[in-house]
């Protein structure tokens with residue numbers, strides 16, 4: 001996959017990550033263990049699927065700016081590697097240019 005396409009994929013996924021950041025900010029204290037519907041952070045702009053995980057699980061994914069949560073089957077092996085799996089979602093890590101673009105666009109700096 002060429003670098004321009006890798007950057008676009010990372011930009012799409014980063015936009016969904018910003019939606020999830022807003023979801024997390026809107027939670028009440030004490031909900032860290034409750035399942036919450038977060039947006040699938042895959043590269044498809046047509047994807048409107050939700051992924052249920054706890055805020056703690058989301059924070060675990062977000063600890064690395066190159067990592068995103070996606071539904072099983074939504075990963076793109078050309079630009080990302082599956083680094084964790086669970087029954088509700090998988091965690092992918094961006095590689096090469098897509099990884100650099102994900103880091104650069106991380107809303108947490």
*Out of (1) at pLDDT 80 or above; (2) under 17 Å from residue 65 (Cα atoms), what's the single condition that is false for residue 7?*
(1)
*Can you list the strands (runs of 3 or more DSSP E) found entirely within segment 36-109 that contain at least 1 residues being loosely packed, with under 13 Cβ neighbours inside 10 Å?*
36-39, 50-53, 80-85
*asked:* For the list (1) within 12 Å of the chain's Cα centre (by Cα); (2) over 21 Å from residue 100 (Cβ atoms), I need the number of the one condition that residue 26 fails.
replied: (1)
*Being modelled with pLDDT under 95 and more than 13 Å from the chain's Cα centre (by Cα) is the filter here, so list the residues in segment 58-85 that pass it.*
77, 78, 79
*Tell me, yes or no, whether segment 25-34 has at least one residue that is at pLDDT 75 or above and in contact with a strand residue (DSSP E or B) (Cβ under 9 Å, 6 or more places away or on another chain).*
no
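The values are calculated or read from the model by the stated rules, or taken from the named source; none is laboratory data. These numbers were taken from a predicted model, which means no experiment stands behind them. Positions of Cβ are generated from backbone atoms using ideal geometry, with glycine treated the same way; all protein chains shown enter the neighbour counts.
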